[in-house]
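Since the structure comes first, as structure tokens, the remarks are kept for the end.
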Amino acid sequence: MGAKRDWMLVGCSALFALVGCSDSDKPTENDYDSVAQALGGVTATDDGGGEIGTMIDVSTIATGSPRIGIDLTASGSFSGTRLGLTYDYDVACADAAGAPIDPCSSASDSAAVNVKWSGELDTAVLSGSVTRTGMIKVSNLKSGTVTIAGEGSLTVDAHFDALLRDATRDYHLSYDADYRDLLVQRAPAKVLGGSIHYTLDVERKATNGDRESSANFSIDAELTFDANGGAKLTLDGDHSYVVNTGTGVVANANADTKT
């Protein structure tokens, strides 16, 4: 990704503790790239999961027509598994007058959805332990483009190996997310606008031969969607990445300006 960095994502590390003294409380360029790929990996997965998959899931569940792989488990409760992650949804729907609808159906105009992910995510771009919880509110269900707002929190543990040298990096990311007027087109399903704001706390432990280092830092992130279904991730205001909304792969948009 970007500048042809020789990082690939492998395996899953357990929660780790920082050891020794931190080299720095400021993220390095490698840190930004690794955090960006970790975020990209939970934004989209190539089997229709991640944040984008969740937004499409709740948009269809709320109209009484869940996607393939998402099944009703009890009244208002749905569950499905994709690439090692279990997605659980508890849904309460209402009609245009605000009256409850149970079960959700084509008469639904809005819905409140408790969302939970848990498990070991395993994709071409990210392998890691993931836990996510949050509340999503869906409105304008009778239109061709629904609106999503809400909040969530997530933790990810990821492990990065350098291919051409004896170096590894382990990251523990935790974040709070704010979903801001996201627009989800119903058919074909895609996200066409809005943004997600993340406040991230990051722990990093690195080894390079016999040398070990660690750091603990915060990153402010903004994921924005455009009218063509594309997405851009910006970290700390000036580190930008293009996110593939089908696979979660990120490309460093600043690569040509870095040395």
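The values are calculated or read from the model by the stated rules, or taken from the named source; none is laboratory data. Computed from a predicted structure; not experimentally measured. In this analysis, Cβ positions are derived from the backbone assuming ideal geometry, glycine residues included, and neighbour counts consider all displayed protein chains. When the accessible area is computed, the model is the full protein with side chains, heavy atoms only, and any ligands, DNA or RNA have been set aside. Shrake-Rupley method; radii C 1.70, N 1.55, O 1.52, S 1.80 Å.
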**OP:** Check off (1) open to solvent by less than 60 Å² (accessible area, probe 1.4 Å); (2) outside any strand (DSSP E or B) for Pro188 and give me the number that stays unchecked.
**Re:** (1)
Subject >> Positions within the stretch 118-130 being under 16 Å from Thr54 (Cα atoms) and more than 13 Å from the chain's Cα centre (by Cα), in sequence order >> reply: Gly119
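How many residues, within the stretch 205-222, are open to solvent by 80 Å² or more (accessible area, probe 1.4 Å) and either among the acidic types (Asp, Glu) or in contact with a His (Cβ under 6 Å, 6 or more places away or on another chain) (or both)?
2
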Subject >> Single residue of the stretch 1-33 satisfying the filter (part of a helix (DSSP H, G or I) and modelled with pLDDT of 90 or more) that is surrounded by the fewest Cβ atoms within 10 Å (Cβ to Cβ) >> reply: Glu29
**OP:** Considering every residue within the stretch 141-161, establish whether at least one is on the phi > 0 side of the Ramachandran plot, open to solvent by 10 Å² or more (accessible area, probe 1.4 Å) and at pLDDT 95 or above.
**Re:** yes
Subject >> the stretch 131-140, subset touching a residue at least 40 places away in the same chain (Cβ under 8 Å) and surrounded by fewer than 24 Cβ atoms within 10 Å (Cβ to Cβ), residue farthest from the chain's Cα centre (by Cα) >> reply: Gly134
**OP:** Mind counting the residues in the stretch 49-89 that are closer than 27 Å to Ile219 by Cα, assigned to a loop (DSSP other than H, G, I, E, B) and in contact with a helix residue (DSSP H, G or I) (Cβ under 8 Å, 6 or more places away or on another chain)?
**Re:** 0
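Across the stretch 82-117, which residue is nearest to the chain's Cα centre (by Cα) among those that are surrounded by 15 or more Cβ atoms within 10 Å (Cβ to Cβ) and small (Gly, Ala, Ser)?
Gly84
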Original post:
Do we have Ser174 as among the polar types (S, T, N, Q), touching a residue at least 60 places away in the same chain (Cβ under 8 Å), within 26 Å of Glu203 (Cα to Cα) and open to solvent by less than 40 Å² (accessible area, probe 1.4 Å) here?
Top reply: no
Original post:
Is at least one residue of the stretch 236-250 assigned to a strand (DSSP E or B), open to solvent by 30 Å² or more (accessible area, probe 1.4 Å) and among the aliphatic types (A, V, I, L, M)?
Top reply: yes
**OP:** Kindly list the number of the only condition in (1) surrounded by fewer than 18 Cβ atoms within 10 Å (Cβ to Cβ); (2) closer than 18 Å to Ile136 by Cα that fails for Gly69.
**Re:** (2)
Original post:
Restricting to the stretch 31-75, what's the tally of residues that are touching a residue at least 40 places away in the same chain (Cβ under 8 Å), of a type in the set (D, E, K, R) and under 16 Å from Val91 (Cα atoms)?
Top reply: 0
